[in-house]
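Computed from the coordinates by the stated procedures, all read-outs in this text should not be read as laboratory data. None of these values were measured; they are calculated from a predicted model. FYI the Cβ positions are ideal-geometry reconstructions off the backbone, even for glycines, and counts take in every protein chain you see.
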Amino acid sequence: MQFRSVMQALDHDVWYITRGFDGALFLFHKTQWDTLLKELEGGSPLDPQMSAIRRFFIGGAAKAKLDRQGRLNVPGYLREFAGIDREAVLIGVSDHLEMWSEDGWRAYQAREADQYKAMAAALFGKGSSHVAATQGEERDA
């Protein structure tokens, strides 16, 4: 119920669903989808990497609209890609949603748990060491 009311308030009743990373599906609302399509327009049509990402990302996409009960009809080929049978896990990730099978989400979390601290240190550790160094310089002055 909460998901549906938030989506209605944000006017996000139409979603574009495509194959994501690590066995998840990515869901984008129309504005974000249009922005991504514009980014994918760049580059040469003869670039093999650009062609591959367009095929995978755009070629496998489906448009879905929330029904009256707040559900999205996910096409079978996308459910199969993500290993979703009946139940799914839906998570918010900054500018999009990710849909996972319950087993896939658990496996991903278990696989990445040991690397989580190292990833956080690599991404955020530099900024905090810079702040500490700056504060130390201020004390020395």
### Query
Where in the stretch 30-75 are there trypsin sites (Lys or Arg not before Pro) that are in a DSSP coil and have at most 14 other Cβ atoms within 10 angstrom of their Cβ?
ARG68, ARG71
### Message
Given contacts defined as C-alpha pairs under 8 Å and at least six residues apart, what's the relative contact order of the stretch 2-113, whole-number percent?
### Response
31
### Message
I need two numbers for the stretch 2-113: Rg to one decimal and Dmax as a whole number, Cα atoms only, in Å.
### Response
14.7, 45
#### Entry: Footprinting exposure proxy for LEU27, LEU46, LEU90 (fewest neighbouring C-beta atoms within 10 Å first)
LEU46, LEU90, LEU27
### Query
Using a simple spin-label model with points 7 Å from Cα along the Cα→Cβ vector, what separation in nm is obtained for ALA121 and ALA62?
4.3
### Task
Mind giving me the nanometre distance, one decimal, between the label points for LEU40 and ASP114, set 7 Å out from Cα along Cα→Cβ?
3.5
### Task
With just the Cα atoms of the stretch 64-113, tell me how far they stretch along each of the three principal axes, in Å, largest first.
37, 25, 16
